Amino acid sequence: QVQLVESGGGLVQAGGSLRLSCAASGRTFGGYAMGWFRQAPGKERALVAAIARSGGGTYYTESVKGRFTISRDNAKNTVALEMNNLKVEDTAVYYCAANDRYMVGPITTYNYWGQGTQVTISS
């Protein structure tokens with residue numbers, strides 16, 4: 001069992017920055033690839049960024065490339081999402097999730113989820 005708790009969401013103006021953090025407890029954190037998903041009202045939950053177990057590989061959806069950076073610290077059992085140059089369309093609930101099989105996989109393959117943190121970008 002892995003428990004995930006996100007923090008760092010909030011309200012910022014377009015062009016601003018936020019750093020989301022996800023703290024994990026329970027079974028070996030390093031055994032999981034980690035992902036950040038987001039879900040806007042009326043839309044499906046979608047993968048934004050992912051990082052391999054060791055941190056040696058990353059993935060970003062096209063719309064956030066060059067603006068978001070995912071990182072992890074396996075010694076501290078944390079994964080972070082640094083978000084810069086935020087846009088109104090980045091507004092969503094952001095979730096971290098753990099995957100014991102894939103760095104990037106179908107949403108159904110993610111084993112554990114956090115409760116989500118709201119990110120709101122104003123124009």
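The values are calculated or read from the model by the stated rules, or taken from the named source; none is laboratory data. These numbers come from a predicted model, not from an experiment. For neighbour counting, all protein chains shown are included, and Cβ atoms are generated from backbone atoms with ideal geometry for every residue, glycine included. Areas reflect the complete protein model, heavy atoms only, side chains present, ligands, DNA and RNA absent. Shrake-Rupley method; radii C 1.70, N 1.55, O 1.52, S 1.80 Å.
Things worth noting here:
- Ala75 meets each of the listed conditions (1) under 13 Å from Phe29 (Cβ atoms); (2) open to solvent by less than 50 Å² (accessible area, probe 1.4 Å) apart from (2).
- Here Gln1 passes the criteria (1) in contact (Cβ under 8 Å) with a residue 40 or more places away in the chain; (2) open to solvent by less than 30 Å² (accessible area, probe 1.4 Å); (3) over 22 Å from Ser123 (Cβ atoms) except the one numbered (2).
- Evaluating Ser17 against the criteria (1) open to solvent by less than 70 Å² (accessible area, probe 1.4 Å); (2) free of Cβ contacts under 8 Å to residues at least 24 places away in the same chain; (3) under 24 Å from Ile121 (Cα atoms); (4) not aromatic (Phe, Trp, Tyr) leaves one unmet condition, (2).
- All positions within the stretch 82-123 that are among the hydroxyl-bearing types (Ser, Thr, Tyr), in a loop (DSSP other than H, G, I, E, B) and either in contact with a Cys (Cβ under 8 Å, 6 or more places away or on another chain) or surrounded by 14 or more Cβ atoms within 10 Å (Cβ to Cβ) (or both): Thr91, Tyr110
- At least 3 residues being over 18 Å from Tyr102 (Cα atoms), touching a strand residue (DSSP E or B) at 6+ places or on another chain (Cβ under 8 Å) and at pLDDT 95 or above is the threshold, and among the strands (runs of 3 or more DSSP E) wholly inside the stretch 1-52 those reaching it are 2-7, 10-13, 18-26.
- The stretch 35-53: number of residues that are free of Cβ contacts under 8 Å to residues at least 60 places away in the same chain and buried (at least 18 other Cβ atoms within 10 Å of the Cβ): 5
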